[in-house]
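See below for the structure under consideration.
The values are calculated or read from the model by the stated rules, or taken from the named source; none is laboratory data. Just so we're clear, the structure is a prediction, and the values are computed from it rather than from any experiment. Cβ atoms come from the backbone with ideal geometry, glycine included; neighbour counts cover every protein chain shown.
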Amino acid sequence: MRTRLDPSTLRLALAVSTRAPSVHNTQPWRWVSEAGALHLLADRTGLNRAAPEHRDVEISCGAALHHLTTALAALGARVAIRTTPSSSDPDLLATVNAVGPHTPSAADLAMAGAIGTRRTERRPLSPCPVPTDLLDVLRTRAVNHGVQLTPITGDVERHRFAVALDHTVATSPWPAVDEGPAGLLIILSTSADDTAARVHTGQATSAILLTATAMGLASRALSQPLADPHYRAEIRDRLLRGSHAPHLILRIGHGQPVAPHLPRTPRRPWTECYTELSESPSG
């Protein structure tokens, strides 16, 4: 049964959603409230329809969706999410409906707490190994959103990854991805390669990054290489057996012990990303 979100709860969750990682920190999404439903739309301002950045926009929107629902769970709201994009409006990516109260668990609160402390760590990671049980936890987070997590751990996998890099790096404007053995390097992929798959990848990315943060680990997402279709094909064929479409590369590990704490990056106010449509009077 659908209910309505308390306005103060909705405002707080929308504010929290602005902390989601996004392509070039652009927050390329819009929230529209209509008749008790909250719609998530992609904001493709400045992009033409063929631009490769559309992939990252949709992944970014999925991350914002997960941040929002994570905040709502911690605030005591149970929601239903529909992530089937609209055929009539390609920018409408998801709809969130409140369905009742929710008693937050310790895990809910830990994930929500990680939103405020997560940072994108662009500095070199420590060579200290990550916890041995981390991979299973992160794989579960990905599977919960229909996403496959593939670690690049062994010598064979790292060699294939390096070969894929060698085949494209000469003409690519982005820096090298493989920085040696520090941290855990993973690929997120799906069986389909469409808008819904990329939204799900964004949800999984948010879940993985927040889980890592809650465990005291540093992380960063690397999407620029996979904007290149040739590189995506290399990764798909060499590391994913040609069966899945790669969307994002993540590196997770320990930060340097003496590195200063990173400041928060600026975000747009939630009010700039939100529109409330008035309801038509009944009768």
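Remarks
- Residue match in region 57-74 (condition: farther than 20 Å from ARG141 by Cα and within 20 Å of the chain's Cα centre (by Cα)): yes
- Whichever residue in region 97-145 is of a type in the set (Asp, Glu) and surrounded by 16 or more Cβ atoms within 10 Å (Cβ to Cβ) and, among such residues, is farthest from LEU68 (Cα to Cα): GLU121
- Those residues of region 107-156 which are under 26 Å from THR18 (Cβ atoms), touching a strand residue (DSSP E or B) at 6+ places or on another chain (Cβ under 7 Å) and part of a loop (DSSP other than H, G, I, E, B), in sequence order: GLU121, ARG122, GLY146, VAL147
- SER60 being outside any loop (DSSP other than H, G, I, E, B), touching an Asp or Glu at 6+ places or on another chain (Cβ under 9 Å), surrounded by 15 or more Cβ atoms within 10 Å (Cβ to Cβ) and of a type outside the set (A, V, I, L, M): no
- Of the residues examined, PRO104 is one that is farther than 23 Å from ALA197 by Cα and assigned to a loop (DSSP other than H, G, I, E, B).
- Given (1) more than 20 Å from the chain's Cα centre (by Cα); (2) at pLDDT 95 or above, index of the condition ALA259 fails: (2)
- When region 1-38 is limited to residues that are in a helix (DSSP H, G or I) and among the hydroxyl-bearing types (Ser, Thr, Tyr), the one that is nearest to THR271 (Cα to Cα) turns out to be SER17.
- All told, ARG19 meets the bar of being touching a residue at least 12 places away in the same chain (Cβ under 8 Å), crowded, with 16+ Cβ neighbours inside 10 Å, under 30 Å from GLY253 (Cβ atoms) and among the charged types (D, E, K, R).
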